[in-house]
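The values are calculated or read from the model by the stated rules, or taken from the named source; none is laboratory data. Since we're looking at a predicted model, the values are computed, not measured. Reconstructed Cβ throughout: ideal geometry from the backbone, glycine too, with neighbour counts over all protein chains shown. Side chains included, ligands, DNA and RNA excluded: accessible areas come from the protein's heavy atoms. Shrake-Rupley method; radii C 1.70, N 1.55, O 1.52, S 1.80 Å.
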Amino acid sequence: MTTPFVSIKTITYNHEKFIAQCIEGIMMQKTNFPFEYIIGEDCSTDGTMKIVQEYADKYPDVIRIITDEKNVGAAANDHRTDLACKGKYVAFCEGDDFWTDPYKLQKQVDFLEANPDYGMVHTNFSCVKDGKIIKSLRGEEMLPTGDVLDDVLKGNHIATATVCMKNDLLQKINIGKKIVDEKWKMGDYPLWIETAAATKVHYMKDDTITYRIHDDSVTHKLDWNGDYRFFKDRYLIKKYYIGKFNREHLLPYILNIYHRELLKYAIFLKKEDLREECSTYFKEKAKGNEYLYRILSRYKMFDSIFCFLYTSRKKLKIIA
């Protein structure tokens, strides 16, 4: 196998319906450099491994399968594929997403090679749910570029399958160990924060991938309780990194957004302790349009109206 200039990594588990399209999107890339494709297959119980092996047999000089005799879980699977990457750069694509631009990798590597002060680049993307596609979800909006730590701490605007970054940075951050130690339920968001703290990050308007929303995905098959746990995890991650990187000036913004979201869970989950926490916060901090949240947190009589409006809005959106 030729020494790869770029490593592409996919972690997959029970993606039988999607993995072939994912692999095809990688293998159609047109580049002037060699790349390797590492697939972390975590002992799927469907036909995913069979499909992955067929492609590995077809492209033995490109595809390497990383697996084990037993399922190790998403965090460990992600970590072992990180360690297996040999290229100068690493690009990502989870097994249920797929690349659509055959020049995605070339464009990103060209940028990183020409701008050594940047360590990561990500792009615009489309998404698909139930056969309905929203193209170029970010539109013509230019997302923050350069020193973006504060922006990423405010909220994750980076789609994993669009990312290409320096491998030495990925290995130095070693996010897999941190995920396990902190028991965080997500690994990409902490990685983007650590990366933004270490280097400049660039955004390209090019629509290069399609993000798939389906009932079997980890974050989209959750009930309200499961979704609440992910919500709390995101908040804990933000608080941790605000402290680590001395970004305390962001706390008022983070707390405001947190309590707005928390009120949603208080209402849907009928959690009085969460409602009381929101009521106390908005009583002290409410100003401008936040008075609406203060009223909602205090009076249950508006719960049914809130639930109806929220559910109606969500049905009109592909990403909530």
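Listed cross-link partners Lys58/Lys200; Lys104/Lys178; Lys172/Lys244; Lys183/Lys244 are compared with a 28 Å cut-off, the Cα-Cα value being larger for Lys58/Lys200; Lys104/Lys178.
Need one word for segment 6-213: rounded, prolate or oblate. Basis is the Cα gyration tensor (sqrt eigenvalues a ≥ b ≥ c); a/c below 1.5 gives rounded, then a/b vs b/c decides. Rounded is the answer for segment 6-213, as its axis ratio a/c remains below 1.5.
Taking label positions 7 Å along the Cα-Cβ direction at both Asp303 and Tyr103, the computed distance is 5.6 nm, reported to one decimal. The phi torsions of segment 2-14, fed into the Karplus equation with coefficients 6.51, -1.76 and 1.60 and a -60° offset, translate into couplings of 5, 4, x, 8, 10, 10, 10, 10, 10, 9, 9, 8, 6 Hz, rounded to whole numbers, with Gly and Pro shown as x.
If you count the DSSP beta bridges with both ends in the chain, what percent of them are antiparallel, to the nearest 5? The answer is about 30 percent antiparallel.
If I compute solvent accessible area with a 1.4 Å probe over the protein chains, what percent of it on segment 6-213 is carbon and sulfur? Present the calculation step by step, with values, prior to reporting the outcome.
Numbers: 4360 of 8740 Å².
Roughly 50 percent of what the probe reaches on segment 6-213 is carbon or sulfur.
For the chain, report the accessible area per residue in Å² (1.4 Å probe, heavy atoms, rounded to an integer). Please list the in-between numbers first.
Values: 15900 Å² over 320 residues.
About 50 Å² of surface per residue is accessible.
Using +1 on the beta carbon of Lys and Arg, -1 on that of Asp and Glu, and nothing else charged, what's the dipole of the chain about the Cα centre, debye to 20? If you can, show how the numbers build up before the last one.
Working: 49 positive and 47 negative charges, 256 e Å.
Using only the charged Cβ atoms, the result is roughly 1220 debye.
With a 10 Å radius around each residue's Cβ, average the other Cβ atoms per peptide and rank 105-117, 256-268, highest first.
Details: 105-117: 15.5, 256-268: 19.3.
By packing density, highest mean first, the sequence is 256-268, 105-117.
Where nothing but the Cβ of Lys and Arg (+1) and of Asp and Glu (-1) is charged, how large is the charge dipole of segment 23-108 around its Cα centre, in debye to the nearest 20?
It works out to roughly 460 debye.
Tell me the net charge near Lys300. Cut-off is 11 Å between Cβ atoms, Lys300 excluded, with +1 for each Lys or Arg and -1 for each Asp or Glu. Display every interim value, and only then the final one.
Details: positive: Lys270, Arg275, Arg298; negative: Glu272, Asp303.
So the environment of Lys300 carries a net charge of +1.
With all protein chains in place and a 1.4 Å probe, the accessible surface of segment 224-316 carries 57 percent carbon and sulfur.
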